[in-house]
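Coordinate-derived values only; no laboratory data. Since the model is a prediction, treat every value here as computed from it, not as a measurement. Reconstructed Cβ throughout: ideal geometry from the backbone, glycine too, with neighbour counts over all protein chains shown.
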Amino acid sequence: MNTDTARAAILAQIRARQGRPDALHAMEARDAEVDIARHIRGPQPQLGENLTAAFTAQALSLQTTVARVVSMQEVPQAVAAYLLEQGLDTQGVAWETLVGLPWSEAGLLLEWRPPRDADKLGLTGCFCAVAETGSLVLASSPATPSSTHLLPQTHIAIVPASRIVLALEDAYALLRAELGELPRALSTVSGPSRTGDIEQTIVLGAHGPYRVHVVIVDAA
């Protein structure tokens, strides 16, 4: 039994014990949709029309490094250049959604699986990115596991410029429009993992990657 099936079974048992018929559940779901549609957003940031530039500026302020390429075919070379510049290993794991790119031609050795303890590099795409905060929004699925951007020391994300939205509210609206419901795990990544718990000194890599690098693709 997969996670979604198990969740549906548990919720069905709860409704049954409460004596709540399925028809009532469907009506409540429709009412919730109406409430969401009526919601009035608060003030939105004024970032101008160039969301890519706004996202880049915010990402850099979070210690995310950024590269930009014209097409998806240029992504592997951009990734290889970053790893070479940083003196990092060119071997790692990646989402299955990236399998069609010329990684080996760029000198990269990737495996299409969730990471294990020894894996230092994780490559992902993203569901979208948020210009206001410089954040990545990643939705989990069997082909896009959350562990790929959580466990390795280096996280590299591929961000199509067309998937950069203004604010977090826009990201959630896009999730509802395209996925219909939230995935099992939804992550908002705002730069490398950090903590200031010890003597209020910021330390990177405390609970996740030491470094986050973004490759923005103009035409994806």
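Quick notes on this one:
- Looking at the stretch 51-219 alone, DSSP beta bridges between its own residues are antiparallel in about 30 percent of cases.
- Taking trypsin sites (Lys or Arg not before Pro) across the stretch 44-146, the ones in a DSSP loop with at most 15 further Cβ atoms lying within 10 angstrom of their Cβ are R116.
- Interchain or long-range residues, amide H under 5 Å from S146's placed H: S141
- Expressed as a fraction of 2.2 N^0.38 Å, the C-alpha radius of gyration for the stretch 117-166 is 1.17.
- Cα-centred dipole magnitude for the stretch 29-173, charges only on beta-carbon of K, R (+1) and D, E (-1), debye, nearest 20: 60
- Applying 1/(1 + (r/R0)^6) with R0 = 35 Å to the Cβ-Cβ distance of L11 and W112 gives a FRET efficiency near 0.60.
- Residue-by-residue Karplus 3J(HN,Hα) for the stretch 175-188, coefficients 6.51, -1.76, 1.60, Hz, glycine and proline x: 4, 5, 5, 9, 9, x, 8, 5, x, 4, 9, 10, 10, 10
- Once both labels are positioned 7 Å from their Cα atoms along Cα-to-Cβ, the gap between Q73 and A57 label points is 3.4 nm.
- Scattering profile of the stretch 51-219 at q = 0.14 Å⁻¹ [log10 I(q)/I(0), Debye over alpha-carbon scatterers]: -0.69
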